[in-house]
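Laboratory data are not the source of any read-out in this text; all were calculated from the coordinates shown. Quick caveat: nothing in here was measured; it's all calculated off a predicted structure. Note: ideal-geometry Cβ built from the backbone for every residue, glycine included; neighbour counts use all protein chains shown.
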Amino acid sequence: MRHATLILLAPLLLLLAAGEASAHASLDRAEPRVGNKVASPPRVVTLWFTQKLEPAFSSITVTNAAGERVDTGKTRVNGSQMSVSLRDGGSGTYRVNWHVLSVDTHTTEGNFTFQVGQ
Ligand SMILES: [Cu+2]
């Protein structure tokens, strides 16, 4: 219990120190870019956020045009950036779903699409 309390408290103290009272982590940009078209299936999807993320509670899933998961299931978090590797899911519309816990202890989530192919 003590450990859990510290985990919850640490981001709160960081928040107070930074003086940011209300900003949540929102998506700043992505690669492939939101709504953009790329010629071939990307190996990696990378998202950048407006706040640092808690790795244990932040993840990305990606589905292809058939609705099949094409991500490896292992999201990597580095500061305010996270990424996941993809297998080749063919052409068509890919949907990226993201869920993050930012250092201010708030969760946010969202999704966007990009196109693969000609
Ligand atoms: Cu927040």
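Only Cα sites of the range 22-68 enter the Debye sum here, all with the same form factor; the resulting log10 I(q)/I(0) across q = 0.30 1/Å is -1.28, listed in q order.
Taking 0.36 nm per residue of separation and subtracting the Cα-Cα distance, what length does fully extending Phe57 through Asn111 add? Please list the in-between numbers first.
On the way: separation 54, 0.36 × 54 = 19.44 nm, distance 1.65 nm.
Result for the pair: 17.8 nm of gain on full extension.
What the phi angles of the range 75-81 give under the Karplus curve with 6.51, -1.76 and 1.60, with θ = phi - 60°, is a coupling list of 6, 9, 10, 9, x, 9, 10 Hz, glycine and proline written as x. Classify the range 54-98: rounded, prolate or oblate, from the alpha-carbon gyration tensor (a ≥ b ≥ c, eigenvalue square roots; a/c under 1.5 rounded; otherwise prolate if a/b is larger than b/c)? It comes out prolate by the Cα gyration axes.
Would you kindly state how much longer the chain becomes between Arg76 and Thr50 on full extension, computed as 0.36 nm times their sequence separation minus their alpha carbon distance, in nm to one decimal? If you can, show how the numbers build up before the last one.
Numbers: separation 26, 0.36 × 26 = 9.36 nm, distance 1.67 nm.
Stretched out fully, the Arg76 to Thr50 stretch lengthens by 7.7 nm.
Label sites at Ser85 and Ala39, each approximated as a point 7 angstrom past Cα along Cα to Cβ, lie 2.4 nm apart.
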